[in-house]
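Student: One structure, pasted below without further comment.
The values are calculated or read from the model by the stated rules, or taken from the named source; none is laboratory data. As the structure is a computational prediction, the values presented were derived from the model and not from experiment. A quick note on method: Cβ atoms are made from the backbone with ideal geometry, for glycine too, and the neighbour counts reach across all protein chains shown. For the accessible areas, the whole protein counts, side chains as well, though only heavy atoms, and no ligand, DNA or RNA atoms are used. Shrake-Rupley method; radii C 1.70, N 1.55, O 1.52, S 1.80 Å.
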Amino acid sequence: MHLHHATDAIRTQAAHSPLAPACETHAWPLLCLHAGASAVFSAVLLPPAGWPLALACCLLTVAMLLRALRTSALQPGRSTVSGSALLMLDLAIFLLCYALRETDASWHASAFCILLAAPYAGITRHLLGGASLAIAASLVWLCLQDALQAGSAATLLLLNLTGICIGHGQQRQRRAHVLQHAILAEQAVRDHLTGCYNRRYLDEHLLDAELARSQRHGLCLTAILCDLDHFKRINDVHGHAAGDAVLRAFAGRLGNATRHGIDSVVRHGGEEFLLILPETDLAGGVRLAERLRDGLAQHIGTTASFGVASLACVPDSQVPGAAALVAAADKLLYQAKHAGRNCVRAAMLDAL
């Protein structure tokens, strides 16, 4: 995958991914505070004679909070539903308190602002969810007002709409920050010209991780080191721009021929590319190398040589290091070059 394609994929994913699912690490303390405020309001604002109703509201709020937290731990994808249900319950309790005790208007206005701060702060999965809760609750509260209190209710509704706009701006800033971080992280492990993984990522993470996984599960691991033949001649005759175009075209063919999400294509240096093929034996590596070699001159104007080294891992056994696998592929590539180029040389690592 070329780098700009990878960056476009990151942008698309970030644009469509929600930023603040309910009960995520940064949101669940606010959700607990929201539920606690609702329980306190039901205990304080309900008429004294209505203590059974207040107790029922408190117990229901606690039960919904525990359900939301447990869902977040066991089924993160469904945590949004539980968190939003708890928010709606809290607002319903507040409106019930107001309907039964509407004399304390100032208390209710302050409490209502506190309860509506939570959706803006990111408890709900989508901004639209928080906005819907705030507007719906505000409209219901507005309908409960008499003519003398309508002005205050309308002012509170306006403040809620302002909060929605502020929350939307914060969401956009967070999305831009996440997107920028993801792009920088992707660029740190990619070659800027071809979009393949770079040598640093190979040495620091990729190869050791794949070797450890192959050894843990007793799988084969194959490495193909390929080098464009007479590449210097292309640069000398046609210029470096043409050489860069050939490198990008070759990298594209390598990426299209390998399994997305399983195999890895690394620009090993200059015109050399390294393919890391998990769960692939020597015969599979040779077939891929021959398929890549066949017709290469017709498609990109030059040929390539390939060295294929494979390692059969056995669980709990001592295996050569990751560097030994690449060194073996390099040795086989050297043999292919001396055999006349445009050919494949392959061997098992323990046979070298």
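Student: Which is part of a helix (DSSP H, G or I) and open to solvent by 40 Å² or more (accessible area, probe 1.4 Å), of Arg267, Arg291?
Tutor: Arg291
Student: While we're here: Here are Ala182, Ala176: which of them is open to solvent by 50 Å² or more (accessible area, probe 1.4 Å), of a type in the set (Gly, Ala, Ser) and not in a loop (DSSP other than H, G, I, E, B)?
Tutor: Ala176
Student: With the checklist (1) of a type in the set (Val, Ile, Thr); (2) touching a Lys or Arg at 6+ places or on another chain (Cβ under 9 Å); (3) over 12 Å from Phe250 (Cβ atoms) in hand, flag the one item Ile276 doesn't pass.
Tutor: (2)
Student: Within segment 202-218, which residues are farther than 21 Å from Ala257 by Cα and buried (at least 16 other Cβ atoms within 10 Å of the Cβ)?
Tutor: Leu211, Ser214, Gln215
Student: OK, next. For segment 317-344, which positions are farther than 15 Å from Leu228 by Cα, in contact (Cβ under 8 Å) with a residue 40 or more places away in the chain and not small (Gly, Ala, Ser)?
Tutor: Within segment 317-344, Val319, Leu325, Val326 qualify.
Student: Also, I was wondering about something else. Only one of (1) outside any loop (DSSP other than H, G, I, E, B); (2) aliphatic (A, V, I, L, M); (3) buried (at least 18 other Cβ atoms within 10 Å of the Cβ) fails for Ala327. Which number is that?
Tutor: Exception for Ala327: condition (3).
Student: If I filter segment 299-308 down to residues being among the polar types (S, T, N, Q) and over 14 Å from Ile224 (Cβ atoms), which single residue comes out as least open to solvent (accessible area, probe 1.4 Å)?
Tutor: Filtering first and then ranking leaves Thr302.
Student: Looking only at segment 207-263, which residues are of a type in the set (Lys, Arg), under 28 Å from the mean Cα position of the chain (by Cα) and assigned to a helix (DSSP H, G or I)? Let's see the steps before the verdict.
Tutor: Our first condition is that a residue be of a type in the set (Lys, Arg); within segment 207-263, this holds for 213, 216, 232-233, 248, 253, 259.
Subset that is under 28 Å from the mean Cα position of the chain (by Cα): 213, 216, 248, 253, 259.
Matches in segment 207-263: Arg213, Arg216, Arg248, Arg253.
Student: If the requirement is being open to solvent by less than 50 Å² (accessible area, probe 1.4 Å) and at pLDDT 95 or above, which of these qualifies: Leu296, Leu311, Leu275?
Tutor: Leu275
Student: I'd like the full set of residues that are within 19 Å of Gly269 (Cβ to Cβ) and open to solvent by 20 Å² or more (accessible area, probe 1.4 Å), limited to segment 314-324. Spell out how you get there, then give the answer.
Tutor: The initial filter retains those residues of segment 314-324 that are within 19 Å of Gly269 (Cβ to Cβ), namely 322-324.
If the condition is that a residue be within 19 Å of Gly269 (Cβ to Cβ) and open to solvent by 20 Å² or more (accessible area, probe 1.4 Å), then Ala323, Ala324 are the ones that fit.
Student: Here is a follow-up. Report, ordered by the first and then the second residue, all pairs with beta carbons closer than 8 Å, sequence separation of six or more or different chains, a first member in segment 219-239 that is closer than 11 Å to Ala309 by Cα and touching a residue at least 40 places away in the same chain (Cβ under 8 Å), and a second member that is surrounded by fewer than 21 Cβ atoms within 10 Å (Cβ to Cβ) and aliphatic (A, V, I, L, M).
Tutor: Cys220/Leu282; Cys220/Ala312; Thr222/Leu282
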